[in-house]
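The next block holds one structure in the form of structure tokens; read it before the comments.
The values are calculated or read from the model by the stated rules, or taken from the named source; none is laboratory data. The structure presented is a predicted model; accordingly, all values stated were derived computationally and were not measured. Reconstructed Cβ throughout: ideal geometry from the backbone, glycine too, with neighbour counts over all protein chains shown.
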Amino acid sequence: MMPETQAPWPGRDKLAITSVRAIVTAPEGIPLVVVRVDTSEPGLYGLGCATFTQRFHAVAATVDQHVAPMLVGRHPADIEDINRLVHLSSYWRNGPVLNNALSGVDQALWDIAGKRAGMPVYELLGGRVRAAADTYLHAAGATIEETLAAAASLISQGYRHVRLQTGGPGLGTYGAPGTPGGYPSAPYPDGWDANRYLAATPALFEAARASLGDEVELLHDVHSRLTPKQAVVLARALEPYRLFFLEDVVAPEHYDRLPSVTAASPVPIAVGEQLSSLTDAARFVQTHAVDLLRVHVSTVGGLSACRKLVALCELNGVRTAWHGPGDVSPVGVAANIALDVTTAAFGIQEGHVYDDAVREVFPGTPVAVHGYLYPSDTPGWGVDLDERLAAKYPPVTGLHERWAARVRRPDGGLESP
């Protein structure tokens, strides 16, 4: 315990944080980081998502070695003060490592608050404005035909929104299988070519509308690989196919150009999963840089941070579309749903179908029903963690790095993965 980090006011009772620690597990092969906060009340603890898949060791070390000593002895009800304490304590603030550590603590404290009140977290936020969160899943294939078959399967399961990605020459294709040796005469035969992508993507959506009809909502992820001008060219080429949104059209290094790209785009633009600052996300909303804000909730600091973003979105006509693939833990999904069902700014929720191993490690893992994710009525998040089972799935270091190193243009230049 660090006496200097204690609040200058007494708690209304004797409840106190007794330990804070990170737990890393990979039951689906994707490293997930969860923070557990224990209290002096037997059996009362909270869980929070702190998943930064690519640097999970750094997040775990930050939680265990830097954050935990500050919080032992604090009252778990002081969520906002603890949030600011962790945020300000590193001096150089923000970034995905510190913010994920902060999120793990923040979400765990909200879990504890719900359990103490005997209420699900969404009720602590003011209650529902909708019954459930509509979701989308990813349909991918090596060819357009395979992608459309995968999309048709999702639609038959009740999904109304589907993201389409199709492979192509080379190994650097995002979200779908590529073809090795796609450019045999190039310095890097397994490369990815932006010009080919710009020609092939409209063909995918032309075929999708012809095959899937007009009722399904279609989405696509560029994955930050275009210049601002190329992004506008693609958006205009996709206008006839009425996309629900076009995602991550430019790299973070060019976010200063995003307002002009969004203004010029005839289809809605969704960006934000690579943001690692609450204030940067707020500027996206205030400068009309996006139509849908798509942050990774834990990377901007957790539930408390995103409550502020939700209010800002409501006031500025921006909708939310929180990042939610397999590198968000089931605890993080529960937090996403709580935000989704308590704001009028909700747009769509990215979904992921977890395998049996994940559901065993995380009892209470949210499962979509006819494409809708419903919040749990259990106090707190309604998601638990079996640490004995979690230990059976140790994470592997470097998986993303090995893939990212191969994402290059045909001339050999590295591309945004």
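Listing for the model above:
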read-out	value
The one condition in (1) in the same structural domain as residue 268 (by TED's automatic domain parsing); (2) more than 27 Å from residue 109 (Cβ to Cβ) that residue 305 fails to fulfil	(2)
Residue within segment 152-167 that is among the basic types (Lys, Arg), crowded, with 20+ Cβ neighbours inside 10 Å, at pLDDT 95 or above and not assigned by TED's automatic domain parsing to the domain that holds residue 336 present	no
Any hit, segment 51-72, residues being in contact (Cβ under 8 Å) with a residue 12 or more places away in the chain and at positive phi	no
Residue check for residue 226: out of contact with any Leu (no Cβ under 8 Å at 6 or more places or on another chain), free of Cβ contacts under 8 Å to residues at least 60 places away in the same chain and surrounded by 22 or more Cβ atoms within 10 Å (Cβ to Cβ)	no
Condition broken by residue 206, with the remaining ones in (1) over 24 Å from the mean Cα position of the chain (by Cα); (2) closer than 30 Å to residue 402 by Cα; (3) without any contact (Cβ under 8 Å) to a residue 40 or more places away in the chain satisfied	(2)
Among residues of segment 16-61, those that are in contact with an Asp or Glu (Cβ under 9 Å, 6 or more places away or on another chain), of a type in the set (D, E, K, R) and either assigned to a strand (DSSP E or B) or over 18 Å from residue 357 (Cα atoms) (or both), counted	2
Test result for residue 294, modelled with pLDDT of 95 or more, basic (Lys, Arg) and buried (at least 24 other Cβ atoms within 10 Å of the Cβ)	yes
Condition met for residue 98 (over 27 Å from residue 395 (Cβ atoms) and either at pLDDT 95 or above or among the charged types (D, E, K, R) (or both))	no
Residue 231, sole failed condition from (1) closer than 20 Å to residue 173 by Cβ; (2) surrounded by fewer than 24 Cβ atoms within 10 Å (Cβ to Cβ); (3) of a type in the set (A, V, I, L, M, F, W, C)	(2)
Hey, residue 321 in contact with a Lys or Arg (Cβ under 6 Å, 6 or more places away or on another chain), buried (at least 24 other Cβ atoms within 10 Å of the Cβ) and either closer than 19 Å to residue 131 by Cα or of a type outside the set (A, V, I, L, M) (or both) or not	yes
Selected residue (criterion: nearest to residue 65 (Cα to Cα)) from residues of segment 76-114 that are crowded, with 22+ Cβ neighbours inside 10 Å and of a type in the set (Asp, Glu)	106
Number of positions in segment 162-194 that are not in a loop (DSSP other than H, G, I, E, B) and not small (Gly, Ala, Ser)	7
